[in-house]
Amino acid sequence: MANDKPDLALRRKTRQVMVGSVPVGGGAQISVQSMTTTKTADVEGTLAQIYALSAQGADIVRCTCNEQAAAEGLAQIVPRSPVPLVADVHFHVEMALAALDAGVACLRLNPGNLRKPEEIKLVAQEAKDRGVPIRIGVNAGSLHPDLYKKYGRATPEALVESAKMELAYFQEVDFENVKISVKASSVPLMIQAYRMLSEEVDYPLHLGVTEAGPPPAGIIKATAGIASLLTQGIGDTIRYSLTADPVEEAKAGRQLLEALGLRERKSLDLVACPSCGRAEVDVIGVASAAQKALEALNLPIQVAVMGCVVNGPGEAREADIGIAAGKNKGHLFIKGKVVRVVPEADMVQELVAEAERLVKEGVAARLAAADSNAEAEAEADRQALLEDKGQDVNRASEKIEAIRRRIS
Ligand code: SF4
């Protein structure tokens, strides 16, 4: 029943951090995270995966930043991503700094393998200057060697102490924009560690069972750990770590929150690009007009509204249907394939009409009914826009130069 607020919605009180536009903790709805499996230097492949994750319910996506090419990739991916991005950093302090140069919305540091206090404080200071939060990502499999010595093995106490050691370094530079995870592949161990940590700190907690393995066993393990804690009011953001296409992680996270009544069930799934220097249309206006019209029809499909034809259909190729703007036209696409080019003024109306036909007739029938000239016309518009605006409207090359100056 719509008005029943389940007790599970009662959360432990935490501070709030902002990962880009997504609030984490402090009463915000619990967010779903996932991580790309592409090389971050592969900009188009990584963006396609980020869009697929977003379409399946990921609110925040993490990408590895393990080498200079990855940081340079991030500089190009960040302005085109539909969701805030977290850079995952291990061992190399300069990769954390380069990820900040690239404009990421959050860093994840592993205290077990980025250990020099002066380096940790330097990253915290730079993150503080830029208003970027850091996740202290403790992992039972890569604890600080001193803690292994002290506790003999990964125990809940050792995981919590690792997080608190890192916090102490952050506090030395007055940095509090923090969320924390204490993951383990053992479900009882992670449950105990998170419970203990939640008694001691009020930073938002990122929940996960690390290396949970392939589905279905991986989903069961991760659900056992994450759901147990959520039902105790612990946890502000979650990630399933599965040995599978990361889309499965995003779906599982979303479905768990819906099953627990912690997120609203979705029928229509509208994804829209965040807009960037390439946008050819008021994405916010078109997306809200489309949302209003489509919600009235309550169609159980994924619909994408994309600001440009240069990247839109490719980035949103996982969506059932979408529209991308360019050269005063709308390119209507189904599963990434342009099926019709329509005047810009009619794009919302055409999108809604095609969505209805798609639900009635199915993907194969609507692809078969595509206008045979549409792909060629779309490609001509795409090339014309690339010539007009160039390859680098988001000034990624300037950021890449900054990364190179920092690392060289
Ligand atoms: S305007 Fe184009 S390149 Fe920019 S975010 Fe939207 S679809 Fe991607």
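Key figures for this structure:
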item: Condition check for GLY285: in a helix (DSSP H, G or I) and either near the ligand (Cβ under 9 Å from one of its atoms) or at pLDDT below 90 (or both); result: no
item: Selection status of ALA370, in contact (Cβ under 8 Å) with a residue 12 or more places away in the chain and crowded, with 21+ Cβ neighbours inside 10 Å; result: no
item: Failed condition for ALA252, given (1) in contact with a Phe, Trp or Tyr (Cβ under 6 Å, 6 or more places away or on another chain); (2) under 19 Å from ALA376 (Cα atoms); (3) more than 16 Å from the ligand (Cβ to nearest atom); result: (2)
item: Criterion: closer than 30 Å to ALA304 by Cα, in the same structural domain as LYS164 (by TED's automatic domain parsing) and surrounded by fewer than 18 Cβ atoms within 10 Å (Cβ to Cβ) - qualifying residue of ASP245, ASP282, ASP236; result: ASP245
item: Selection count, segment 331-348, where residues are touching a Pro at 6+ places or on another chain (Cβ under 9 Å) and aliphatic (A, V, I, L, M); result: 1
item: Hits in segment 298-319 (condition: hydrophobic (A, V, I, L, M, F, W, C) and either within 14 Å of GLU44 (Cα to Cα) or surrounded by 24 or more Cβ atoms within 10 Å (Cβ to Cβ) (or both)); result: VAL303, ALA304, VAL305, MET306, CYS308, VAL309, VAL310, ALA316, ALA319
item: Failed item, numbered, when ARG263 is tested on (1) more than 14 Å from the ligand (Cβ to nearest atom); (2) assigned to a loop (DSSP other than H, G, I, E, B); (3) surrounded by fewer than 16 Cβ atoms within 10 Å (Cβ to Cβ); result: (3)
item: Considering residues of segment 289-304 that are within 23 Å of ALA52 (Cβ to Cβ) and without any contact (Cβ under 8 Å) to a residue 40 or more places away in the chain only, the residue nearest to the ligand (Cβ to nearest atom); result: GLN291
item: In segment 326-367, residue farthest from VAL303 (Cα to Cα) [restricted to those that are among the β-branched types (Val, Ile, Thr) and in contact (Cβ under 8 Å) with a residue 24 or more places away in the chain]; result: VAL341
item: Where a residue in segment 72-94 is more than 14 Å from the ligand (Cβ to nearest atom) and its partner, wherever it lies, is in a strand (DSSP E or B) and hydroxyl-bearing (Ser, Thr, Tyr), with Cβ under 7 Å and at least six apart; result: ASP88/THR64
item: Where a residue in segment 275-287 is free of Cβ contacts under 8 Å to residues at least 60 places away in the same chain and its partner, wherever it lies, is more than 7 Å from the ligand (Cβ to nearest atom), with Cβ under 7 Å and at least six apart; result: VAL283/ALA272; VAL283/VAL305; ALA287/LEU270; ALA287/ALA272; ALA287/VAL305
item: Hits in segment 113-124 - residues which are surrounded by fewer than 23 Cβ atoms within 10 Å (Cβ to Cβ) and either of a type outside the set (S, T, N, Q) or part of a strand (DSSP E or B) (or both); result: LEU114, ARG115, LYS116, PRO117, GLU118, GLU119, LYS121, LEU122
item: Residue in segment 54-63 that is at pLDDT below 95 and within 16 Å of the ligand (Cβ to nearest atom) present; result: yes
item: Enumerated helices (runs of 4 or more DSSP H) restricted to segment 310-383, each holding at least 1 residues that are assigned by TED's automatic domain parsing to the domain that holds VAL281 and away from the ligand (no atom under 14 Å from the Cβ); result: 347-361, 363-368
item: Residue check for ALA250: assigned by TED's automatic domain parsing to the domain that holds LYS360 and within 30 Å of VAL310 (Cβ to Cβ); result: no
item: Residue check, ALA52 assigned to a loop (DSSP other than H, G, I, E, B) and touching a Pro at 6+ places or on another chain (Cβ under 9 Å); result: no
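Yes/no per residue for (1) among the charged types (D, E, K, R); (2) out of contact with any Phe, Trp or Tyr (no Cβ under 9 Å at 6 or more places or on another chain); (3) assigned to a helix (DSSP H, G or I):
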site: ARG11; (1), (2), (3): yes, yes, no
site: THR14; (1), (2), (3): no, no, no
site: THR40; (1), (2), (3): no, yes, no
site: GLY45; (1), (2), (3): no, yes, yes
site: PRO79; (1), (2), (3): no, yes, yes
site: LEU100; (1), (2), (3): no, yes, yes
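The values are calculated or read from the model by the stated rules, or taken from the named source; none is laboratory data. Keep in mind that this is a model prediction, so the values were computed, not measured. Glycine also receives a Cβ, built like all others from the backbone with ideal geometry; neighbour counts cover every protein chain displayed.
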